[in-house]
1. Where does each of HIS53, HIS170 land when they are ranked from fewest to most other beta-carbon atoms within 10 angstrom?
2. Between beta-carbons, use under 14 Å as the cut-off and find the net charge around GLN68, counting Lys and Arg +1, Asp and Glu -1.
3. Ignoring everything except DSSP H segments at least 4 long, calculate the 222 nm mean residue ellipticity for the chain; use -39,500 (n - 2.57) per segment, divide by total residues, nearest 500.
4. Report ³J(HN,Hα) in whole Hz for each residue of the range 126-133, in order, from the Karplus equation J = 6.51 cos²θ - 1.76 cosθ + 1.60 where θ = phi - 60°; Gly and Pro get x.
5. Mind ranking 174-185, 97-108 by how tightly packed they are, going by the mean number of other C-beta atoms within 10 angstrom, highest first?
6. Rank by packing, highest mean first: peptides 125-135, 67-77, with packing defined as the count of other Cβ atoms within 10 Å averaged across residues.
7. In Å, what is the Rg of the alpha-carbon atoms in the chain, and how long is Dmax?
8. Please compute P(r) over all alpha-carbon pairs of the range 57-130, binned at 10 Å starting from zero, and give each bin as a whole-number percent.
Amino acid sequence: MEISTHETLWLQSEEAKMLKDLGVKNSDYVIDFGCGEGRYTIPLSKIVGKDGHVYAVEQDENTMAILQKRLPLFSNTNTVSFLNINNLETSNTIPDKSIDSIFVFDVLQYIKDWDLLFSYFFRVLKPEGIICIYPAAIPHPGGVDIKLAFSKLDEIGFQFIKSTKFRMMHNVDMVEDTVYSFCLK
């Protein structure tokens, strides 16, 4: 489980400003959807503190295992629950209207049913909560059509708030890219 120097720096210091600028604060309840190895789960867990909670949602069990090994190196493991994407929509693990922020970073290209996903987010998000989407402008197989995401979110009951450029982690590299924020109408 090797962690690069710039990823370690990210996990120890750089991430907090970006996530706080996106509205995360102490005692928040947050979903990191498609959490991967924890590049956002770990910093989120530090920001929300002992009175908050992060739901780390991932499909790949090997990737989740890496996050479970990394988490104690950087943060308090008691603030994170691990959920499988495949069971999320039918799960009652996360209560209705209980989530302050949902992070959907570099994962929409792998989701087949956006309507189902966004409806789930609509159910669990607090009335004043936000969804932050990072579609990753870096080329991917099956890239994200952000205009389609805007349209689907609008149909379900979300409205666009703003787009913000950040220096952030993408896979193992630091990039300058855009995060789109939405709230309930």
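1. Arranged by neighbour count, lowest to highest, HIS53, HIS170 become HIS170, HIS53.
2. After counting each charged neighbour, the total is -3.
3. -9000 deg cm²/dmol
4. With coefficients 6.51, -1.76 and 1.60, one gets 5, x, 9, x, 10, 10, 10, 10 Hz.
5. 97-108, 174-185
6. Packing proxy ranking, top to bottom: 125-135, 67-77.
7. 15.1, 43
8. 16, 47, 33, 4
Read-outs: derived from the displayed coordinates by stated rules, not from any lab. Small disclaimer: the values here were computed from a predicted structure and weren't measured. Cβ: placed from backbone, ideal geometry, glycine included. Neighbour counts: every protein chain shown.
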